[in-house]
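Report on one structure; see the data block that follows.
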Amino acid sequence: MSKQAELEAERFIHRAMQYLRSTFREQTQDTDDETLKNKLIDDCQTALKYGFDTESDMMMIVDFLWRLPADYTDRSEYEWVQDILTSEEMDNEMKIDALHNAFAMVCALQEDEQSKKEQLNDR
Amino acid sequence: MTDNRSCKATLYLESPGFLIPARLKNAVMKREADVGAVTGHAFIGLTDQNGKETVYGFHAATALPENEHLSFKEKLPLLISGQYQGFIADDSKEPYDDKMVYRITPDQYDKIKSYVEKEKAHPPKYNIFSKNCVVFAYKALHQAGLKLPPQPMFHNPISAVLGIRLYEKAHKAKQNLKKSAAEILSRFSSTRKISRDILQGLKNKPTKQAFGIKTVAAAVAGNTLSALRKHLSR
């Protein structure tokens, strides 16, 4: 393992931590650097497991995982995440797009259900 | 070297029903009230050097004639489950609203053809999210390295089923994701790779506080200030 590669990885982790702190302020505000770093590395390992090995591809997956509920792997309504990540039919770019599309739909459905509930309560 | 683009690859798209105004629904062609007409459909055509076109599309087995009796409500869970068999059909009679034609070389033609024939012989299971008609068509054309149109937000047929009612809400969520994706692409390398071992090694290392030029500059400034204070206090 070269010193150069290790330094680049350290810089990457540092920038990724900064990104997470600025993008997910609420979720990260009570997390110390060590815990955040280790969670980030775990998420990067997940990305690597599915073949996302460049910095930006890895961060796309990390960013996406942070948007999901912590127990998403146990929830049937999020089965599509695994389906897409393990798909042999799509390349990485298509997978990220498919994850984003499906997530946008889930968010829209949840928002729709919430507003329906609110409408019912108002009546 | 001559650029022999004597073959063609065509991406055909049938619009989801909800994208077509009701008054125009049957104006151009008759649209059946089947799943495909509601969700939209994508398929491809391959034209050889003699001008003969073969058209292929990926479907769920729900589209087979023996499953005609199933209602849309019965079909939907099957399409989502990922456990339902898919098949490649001759879609030369399928209606379409849009098409994109690529002039390709015989070598590119062979690459697409070989992929499609392989899929036809061993079709994967259908999944409306990850193994649908659009994914098949795009993956086939990807074999020839063609630059495909960006996938619109609703590239999964199911989104069309859910209808225009959710369009704005989903669009808003997708815009947020797009913004983050653009930021990631501007801040992180798309070529530099990070190895599993190095990452694992970093997990055991204490977090460094200073990596960037700003932090180094701040540290130098801090040291200068403390040296100055020390000097003045003498």
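Just a few scattered comments:
- Test for A:D83: is it in contact with a Pro (Cβ under 9 Å, 6 or more places away or on another chain), surrounded by 13 or more Cβ atoms within 10 Å (Cβ to Cβ) and within 9 Å of another protein chain (Cβ to nearest Cβ): no
- Hey, A:L85 within 28 Å of B:K139 (Cα to Cα) and in contact with a Phe, Trp or Tyr (Cβ under 7 Å, 6 or more places away or on another chain) or not: yes
- Test: residue in region B:86-103 that is assigned to a loop (DSSP other than H, G, I, E, B), within 14 Å of another protein chain (Cβ to nearest Cβ) and small (G, A, S): no
Quick grid of which residues meet (1) at pLDDT below 90; (2) buried (at least 18 other Cβ atoms within 10 Å of the Cβ):
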| position | (1), (2) |
| --- | --- |
| B:F18 | yes, yes |
| B:A33 | yes, no |
| B:G36 | yes, yes |
| B:H41 | yes, yes |
| B:G51 | no, no |
| B:N67 | yes, no |
| B:L78 | yes, yes |
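- Output for region B:119-171, where each listed residue is facing another protein chain (nearest Cβ under 8 Å), part of a loop (DSSP other than H, G, I, E, B) and at pLDDT below 70: B:Q151, B:M153, B:F154, B:H155, B:N156
- Selected residue (criterion: surrounded by the most Cβ atoms within 10 Å (Cβ to Cβ)) from residues of region A:86-123 that are closer than 15 Å to A:M58 by Cα and aliphatic (A, V, I, L, M): A:L99
- Of all residues in region A:1-47 being closer than 14 Å to B:S195 by Cβ and more than 8 Å from chain B (Cβ to nearest Cβ), the one that is surrounded by the most Cβ atoms within 10 Å (Cβ to Cβ): A:A47
- The sole residue among A:D83, A:D91, A:D97 that is touching a helix residue (DSSP H, G or I) at 6+ places or on another chain (Cβ under 8 Å), of a type outside the set (S, T, N, Q) and either in contact (Cβ under 8 Å) with a residue 12 or more places away in the chain or closer than 17 Å to B:N127 by Cβ (or both) is A:D91.
- A:D57 satisfies every condition listed in (1) at the interface with chain B (Cβ under 8 Å from one of its Cβ atoms); (2) farther than 25 Å from B:A182 by Cβ except (2).
- Residue under evaluation B:I184, criteria (1) under 15 Å from the mean Cα position of the chain (by Cα); (2) within 8 Å of another protein chain (Cβ to nearest Cβ); (3) at pLDDT 90 or above, criterion not met: (1)
The values are calculated or read from the model by the stated rules, or taken from the named source; none is laboratory data. Source: prediction; values computed, not measured. When we count neighbours, we look across all protein chains shown, and the Cβ atoms used for this are built from the backbone with ideal geometry, even at glycine.
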